[in-house]
1. What ranking, highest mean first, results for peptides 261-271, 596-606 when packing means the other Cβ atoms within 10 Å averaged over each residue?
2. Name all residues of region 400-425 having a backbone nitrogen under 13 Å from the label point set 7 Å from the Cα of N373 along its Cα→Cβ direction, giving them as ranges.
3. Say each of D417 and L672 gets a label point 7 Å from the Cα, pointing the same way as Cα to Cβ; how far apart are those two points in nm?
4. Across all directions of projection, what mean area in square nanometres is found for the Cα convex hull of region 544-700?
5. For K599, go through the lysines and keep the ones whose alpha-carbon is under 25 Å away, minus same-chain ones fewer than eight residues off.
6. Within straight cross-link reach of K653, meaning Cα distance under 22 Å, which lysines are found once same-chain residues fewer than 8 apart are removed?
7. Measuring from label point to label point, each 7 Å out along Cα→Cβ, what is the V305 to I551 span in nm?
8. As a test question: what accessible area, to the nearest 10 Å², does K19 have when a 1.4 Å probe is rolled over all protein chains in place?
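The values are calculated or read from the model by the stated rules, or taken from the named source; none is laboratory data. For clarity, every value in this text was computed on a predicted model and none was experimentally measured. Methodologically, a virtual Cβ is constructed for each residue, glycine included, from the backbone with ideal geometry; neighbour enumeration extends over all protein chains shown. The area values use the complete protein model at the heavy-atom level, side chains included, leaving out ligands, DNA and RNA. Shrake-Rupley method; radii C 1.70, N 1.55, O 1.52, S 1.80 Å.
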Amino acid sequence: MKNEEVEAIIGPQRSSEAKFVIELGNKTQVPILSFSATSPALTPVQSNYFIRTAQSDSSQVKAIASIVETYGWREIVLIYEGTEYGIALVPYLLHAFHEIGTRVPYESCIPSSFDDTEIMSELQKIKKMQESVFLVHMTASMGSRLFLLAESAGMMSEGYAWLVTTGLSTLLDPVDAKVMDSMQGVLGVKPYVPKSIELEGFKSRWKKNFNSENLFGLWAYDTVWAIAMAVERAGIVHSSFLKQNASNRSVDLAALGISEMGPRLLKSILNTTFDGLSGKFQLVKGEMAPFAFEIFNVVGRSERVIGYWTEKGGLSQSLDSSSKISHSNSKTKLKQPIWPGGTIQQPKKLRIGVPVRSDFSEFIKVEWDQQSNEPIVSGFSAEVFLAVHDILPFPLPYEFIPFMNESSRKSAGTYDDLLRQIEHQKFDAVVGDTTIVAYRSSYVDFTLPYSESGITMVVLMKRDERDNMWIFLKPLSPKLWLVTGVAFFVTGLVVWVLEHRTNTEFRGTPEQQLGTVIWFSFSTLVFAHRERPENNLTKFVLIIWMFVVLIISQSYTASLASMLTVQRMHPAFVDVTEIQRNNYFVGHHKDSFVKDFLKKELHFNDTMLREYSTPEEFHDALSRGSHNGGVAAIFEEIPYVRRFLNDKYRCSKFQMVGPTYQTDGFGFAFPLNSPLVSHISRAILNVTEDHDKMEAITSKSFGREITCEDRGAETSSGGLRLSSFAGLFLISGVASISSLLIYIIRFLFSNYPASNTMHEEQSMWLRILEVAKRFDQKDPSVHHLRRAESRVHPVTGPESIGASPETGNVHEMTSNEGAEDVGENQNHDNLTSGNSGTNFIASNADTVAPNTPEKNRASPDTAYVHEMTSDEGAEVVVGDQNRGNPTSVNSGKILT
């Protein structure tokens, strides 16, 4: 710039050197053109006079991310050079991987000052992490050392995958043959260079003078042509600098002048477009615009192209004649590469652990191929995983690894032990009937569940009780029997209290009165009571009580009839508390988390728990019962219970009862923070919401589901319960109590003041006895009223009362001591004794007693029966129509 007064500078090659020169160019307005400073830390935006005639390293990031996504790599380790060139690209890579859900568990920064020993130590550290996919971003010199050491560390063998950026891939041609041998199976990306006649001619001329060729040489050639064309187009003939502060020092930055032609040349270069050897030369925002990237695979000592990538079309196996993406139908969109170790099997297969179990094999089953001795995994869980795998948006190579002892091929531990293998990095995932439980989520991540959830109880069904001699007691529960009996007695007692003073049928000796109470109350059950209530309060109580009796009797009849005519089965236990209260044994699945659930959540003693493995063992334990070496109930997850009951014999003999204790169902397990969890979970939702697909998987795994017809209708409800009739008893009780209170208040109001005549020195106890004596006596007001009354019953015709045609009117009278019949002939005045026990008065049809009211007189065709009652008996007197004088018939009994 000072001595030669150059108008443009090509280079330098390294990004770290270019940074200083760019500042000079910006100061002197001299365009700086670099065909090899590809670091994204250098950008034309920072300096108007910096022009990159190569593609920035950041332009390859999307192509690399597409490759990683295509092969389904969810984790990848970055290995980069610890220089400005290497560090600058890392943020772009991390952002791209984050967008596709790929995690970077480790970033290995190797400084250029590291010797081989230090690099080998870093590689061994990475190897211990059991990572197998690596992305290398280095220059050719550092990258060559890395791959030689990686081969020595055994990391270029089968099971590993390596991917390199353009910084190394564009310089592979000059790499030593030994280095190429160490890079077998490596994938790389580099800018695509379209074929042309000019390019082929240039290559032949180049090889005459140089041993190798690379992309940077082509970019350098096109850069020289671009400047030459720009100078001609700008019409620049000679250089022209404005000198400032000249100095004799060899390098004086302050003395550098400003190029007069620089702005014009910069504009001309930016507008220059032509078809160069590396493709179309066109600058966008001061740097070469990327067109396409080539995806290659190192095989032998050459690069095998397996596909292409463009911004618009993404990955494809080929380009058409116009250099446009020709879309492939292949899922990977790339040709089959040869991986390290010379295998076509994609490395980083997902190592999926599967449980080995001999029971409930419908969920997960491991068999062995007789020829290859490889495991064959099937069952409901495996089928769901395969359906999920098929709809993933990326390929996910995997292999099932049974969790077993190699010698016996038996399970190597519990499900918790299996899940712990993910934490120990023995497995990358677990597929099986693994239940999502809170404590397990502390060391693995679960996907969304793909099955129903919950823990429930299975019990034995009791047999038919129609041959039970005590079946008539079954329709009502014990509590209901007790309350009903008490209600009968209380109602009878209330009626007795209300009727005792006014109704002679409720009087007599204490034994007679107690019998009347019991008889009256229970006779209402069939409405056979003959005692006629006199008190209105009694009638109110009986109305309510008879309604209660009607409902209970009808319900009892219906329930008993159902028991006797319908085949009934009901569970032996319906509540876990009953099992705990009686200290019965309960069972659970062996090696299941249900054991801890029973101990911690339901508080079962460890001595009361028994383990079983197969449905046959479940069946045998439940059939024998807790007292015969079995169990009263089995606690198990709902999917297993449904499989256990999916048998026509079992489903009629056992039943799922009690509450369902919530769990989250079956899910697939992955390492903590695994990016696969979100992808698998979304795919599970798509599968489980497809009812046809799930039905096909279920039918394939479990066969046709067997259901017990009308099992729910055959299950006994355990009899009618007290709560069903609580409202009726409440109404009856309120009616009885209220009537009783009203009667007591009335009685005390009319009888208690009489105690004022007692001496004041009498105690309260004596007063209470006096009131009790008064209660036991007949109500005199009611007695006199009834003695003065008579009820007349018209009887039409003599046949209606069993009399002869000559008999006239018959008057009936009753007394406590009995009565006697006296008959009078229609034409004679003498009396005739009739039936014993009842007194009758017979008289001429035209004759009536002197005191008979006018309204009681009858026509000759009508007979009258007069009924009268008396406490001490009655005197019956017969009077003649013409004589009217009374005649005594019986001693102590007078006919009137």
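1. Values: 261-271: 19.2, 596-606: 13.6.
Packing order, densest peptide first, comes out as 261-271, 596-606.
2. Residues 406-409 qualify, since their backbone N sits under 13 Å from the label point.
3. For D417 paired with L672, the spin-label model returns 2.3 nm.
4. Working: hull surface 63.9 nm².
The directionally averaged projection comes out at 16.0 nm².
5. Those lysines meeting the cut-off are K590.
6. Partners found: K462, K474.
7. 9.2 nm
8. 100 Å²
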